[in-house]
Structures are given as structure tokens and as C-alpha cells.
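Here the structure is laid out as C-alpha cells; the discussion comes afterwards.
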Amino acid sequence: MPQLISKLQHNTYEKGEFSDEALRDLEETIQLIKTFPWDVERPSTDIQLTGPSVTIIDNDLNYLKLGLYFGGKFCVYYLDRDNHLYEYHAPDIDDASRLVGDFFNQQLDLAPFEKHFFNIGNQPHFITNYFEYRIQAWRMGLITSIVAFYLMMMTVFFFEIPSTGFIFLPIILFLGLGGLLLSMLYNVFKIRHQYLQISRGNNQFSFGQNEDNINTYNKTDIKEIVIFQGKNSGRSNMLESFEIVFNNGERLRLTGILIQRYDFLSKFPEKLGIPVIYERNNLFKNR
């Protein structure tokens, strides 16, 4: 009896987030579908490609995804390896399960399916995303270039100042701003190997200063999240920083270089009840 990979998606998961991924035969897969909490998750779910579902992958990398549809029905999506998307509305779970059987036996008839005309952005709804975040080299290079540019401009400005009694003012500014920029660059360089793995639907996440020293944490142990940026400050940027404060007093410091603010906050559903505190930006504040 053939075995195919199947995986689950619940209504709290984000696009590309799946769980319980394993090889299962047809009987095990049908049991997985029949025991899925469809009725529990249906009232709080929008009908879309990402949502409560069971996704199955065959050996040719074609996908069959069973999800929810309006009026108590089920939507069966078929995505072939060439990114063509098809959709069928099954009246009940038994009709949807019949199509799963056909998929296992490589006898799926696409005639009753409606083919989508536009096929852009389909795959991320089916392919597993592990939501790993690392500091990309281009971000390090961009910040280094900005700091180098400002230091060069400050140097040119300093040496073009006429020798007057006010020479001490530019000296103080030169040393102060130069020291601040170099300190910022040093702190960025210090965190260049940070690693974060976090998704919205999973309460466990991993963080480390490098990939050889990674610890696992639980969102339910978080006391508060501090965002070092004004609440109405507009778009996310690389100079923001965030702090996760745990009930035991432990703190984790992350920055917008590793993960953007809006993306970071989306990992913590409101149902967790974690307070988010906004403070004025204090980049790489030491504790």
C-alpha cells in the first residue's frame, strides 16, 4: 500500500506553516481527515488557500489540499508540479475523501474541477515554510556602507573647518557622532550570527546568538514584549529593536536586521494575551 506525505494546517497557522507532517497510507490519511476538528475551526475561518486543512503530496510533487468551503462544504484544491491550480467543492467529507483515494491511486479525474486562470503565488500555500530567520549579508553590508559614508563625510567636514576659536565644537561633534556610529557598527557586527525560528501557530520557538548555541522557548512563558520604537512611528526598519521578557526574568534582544517589526509581532496571536509595550527607540540597549 503506497504511503504519501500528509500534513495539517489549523486556523491559527500562517501561510506555509504545517504540523504533524508524516508518511501515511490511505487508511491513515482518511482517518486523519475524519478526526480533524473541522466543525470547531469552521466558524472562525475565512475561506482561502491557507486555513484549516489536510494537505497530501504525491511522489511527483503534486498537492491535494482539503480545506473548508461555504455552507458546510469542503474545498479540494489540486496543485500540480507546474503550478496549475484546480478547485472542487465537495458537498461532504465522504465525497472529499473519495478524491483523496483517487489521488493515492493516481486516478484523480480533474474534469469536475475548476481550473484557476491566474496561477501566481499558489505554491507558498502548499509548501512547508520553516520560518527561519538569519541576518542576511546584504543587510550587514548596507549598514556598514552607511556608517562608512557618514564617517567619511564627517571627516571631510572636520578638516574643512577653518581654524577658529570655535574649533572645539566640531571636535566634540566629530568624536561624539563618530563614536556613536562605530558603537552601532560594533553592536551590529556582534549579532551577525543570530538565528531565530518562529511561526505564528506554534507556541515553541528557537533563538540563539549562533546556530551552534540555540535554545528553545515557549510563548506561554513570556511576560511582555518591549518594542523600542514609537507606536506611531510608521513602517518597520532595520534600526528597530525588540525585547522578549520572560516570567523568570530572562530577556532576549532582537533587531529589525534579523526580523521586521510587523512580521515579528504577527508571530504572537492576541489569544496568548502577551502585553506589547512601546518605548522610544534605544538601539541595542544593554541590560
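Assorted remarks:
- The chymotrypsin sites (Phe, Trp or Tyr not before Pro) found in the range 58-124 that occupy coil by DSSP, while having at most 13 further C-beta atoms within 10 Å, are 117, 118.
- Rounded to the nearest 10 square angstrom, residue 255 shows an accessible area of 0 square angstrom against a 1.4 Å probe.
- Loop-resident trypsin sites (Lys or Arg not before Pro) (DSSP state other than H, G, I, E or B) in the range 80-135 with no more than 15 further Cβ atoms inside 10 Å of their Cβ: 81.
- Accessible-area value, residue 12, 1.4 Å probe, nucleic acids and ligands omitted, Å²: 40 Å²
- Within the accessible area of the range 1-127 (1.4 Å probe), percent carbon and sulfur: 49 percent
- Cα→Cβ-extended label distance, 7 Å offset, between residue 279 and residue 102, nm: 6.0 nm
- Alpha-carbon centroids, the range 83-105 and the range 9-50: separation in whole Å: 14 Å
- Ranking by accessible area, most exposed first, for 125, 193, 89 with a 1.4 Å probe: 193, 89, 125
- Over the range 19-99, accessible surface divided per residue gives 48 Å², non-protein components excluded, 1.4 Å probe.
- q = 0.11, 0.12 Å⁻¹, the range 40-123: log10 I(q)/I(0) [Debye, one scatterer per Cα]: -0.27, -0.32
The values are calculated or read from the model by the stated rules, or taken from the named source; none is laboratory data. Only a predicted model underlies this, so the values are computations on that prediction, with no experimental measurement involved. Using ideal geometry, Cβ is built from the backbone for each residue, glycine included, and neighbour counts are taken over all protein chains shown. Quick note on the areas: whole protein, heavy atoms, side chains included, nothing else; ligands and nucleic acids left out. Shrake-Rupley method; radii C 1.70, N 1.55, O 1.52, S 1.80 Å.
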